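Everything on this sheet refers to the single structure shown next.
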Amino acid sequence: MLQKTNRLTLVEQVALQMEGLIESGKWAVGMRIPAEPELMVELNVSRNTLREAVRALIHAGLLKTKQGDGTYVCSSSALGVVLQKRILRSDTLKTLEVRQALEREGAHLAAQRRTSEEARELLLQLERCEAAAARGDIDGFVAEDIRLHQTIVAASHNEILLELYDHIAEASQDSITSLTRYEVKADFLEIHRQLVEAIVGQDADQAAAAVHRYISESKAVFEGREEEQR
């Protein structure tokens, strides 16, 4: 038998309001949230209620407290926290398989839906990747490469796909960085150029095929490193 749902407690309401500020970007990751007195006035709640709400968000992984400094935003959403914890329990190969699924669909849709402005931005972002690689700036290349893939997925115009991808990219950044350091070579860059040109040319099948090729290369790099360590 279905039970009557309970109304949200005041603490839950305050926590949801604060979570909304985080998810909207008003409280960005890395930002120190306002001090207790300010929040008590803004939210019109008591100190105890506010502290309970903050504790709930700390437990959820959205906030963290630095002793003597304040409370900071450490994740953009509860979904991101869940995905991060799950990815940390997975190996790189499984993460690559998830990336392939999301990036392939993102590229396929981007080729169909990208705007003229997005096509120009993709070409500019590709040039930034190639420039970083040319000057041997590995850290710069990694950052630009991640932005390139986020730009591609954004051009799919599927907000759910973009949110999932952003969280996956954030949670798996260490493994992406580790693999990308081994992948800055001519053929890897050429595949990315083929990917962008396929999206610009609105060839969805070629865009998806390019994703398959560079993920296959990443898998080969991972498996080669695993073999060396045995």
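Listing for the model above:
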| item | result |
| --- | --- |
| Residues of the stretch 113-122 classified as in a helix (DSSP H, G or I) and either loosely packed, with under 15 Cβ neighbours inside 10 Å or outside the structural domain of Glu190 (by TED's automatic domain parsing) (or both), total | 3 |
| Pairs, first more than 15 Å from Ala119 (Cβ to Cβ) in the stretch 137-155, second surrounded by fewer than 18 Cβ atoms within 10 Å (Cβ to Cβ) and of a type in the set (S, T, N, Q), C-beta under 6 Å, six or more apart | Val142/Thr177 |
| Top-ranked residue of the stretch 91-112 - restricted to ones that are over 18 Å from the mean Cα position of the chain (by Cα) and farther than 26 Å from Phe222 by Cα, ranked as surrounded by the fewest Cβ atoms within 10 Å (Cβ to Cβ) | Gln112 |
| Single condition Lys85 does not satisfy, out of (1) more than 30 Å from Val196 (Cβ to Cβ); (2) not assigned by TED's automatic domain parsing to the domain that holds His192 | (2) |
| Within the stretch 10-27, considering residues that are surrounded by fewer than 16 Cβ atoms within 10 Å (Cβ to Cβ) and part of a loop (DSSP other than H, G, I, E, B), the one modelled with the highest pLDDT | Lys26 |
| Residue match in the stretch 189-208 (condition: closer than 22 Å to Asp139 by Cβ, at pLDDT 80 or above, assigned to a helix (DSSP H, G or I) and of a type in the set (S, T, N, Q)) | no |
| Some residue of the stretch 142-160 being over 29 Å from Ser77 (Cβ atoms), surrounded by fewer than 17 Cβ atoms within 10 Å (Cβ to Cβ), in the same structural domain as Arg120 (by TED's automatic domain parsing) and at pLDDT 90 or above | no |
| Unique residue being hydroxyl-bearing (Ser, Thr, Tyr) and in contact (Cβ under 8 Å) with a residue 60 or more places away in the chain when the list is Thr71, Thr65, Thr49, Thr95 | Thr95 |
| Boolean, Leu102 is modelled with pLDDT of 90 or more and not hydroxyl-bearing (Ser, Thr, Tyr) | yes |
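The values are calculated or read from the model by the stated rules, or taken from the named source; none is laboratory data. Since the structure is predicted, the reported quantities are computational estimates derived from the model, not experimental observations. Quick reminder, even Gly has a Cβ in these numbers, built from the backbone with ideal geometry, and neighbours come from all protein chains shown.
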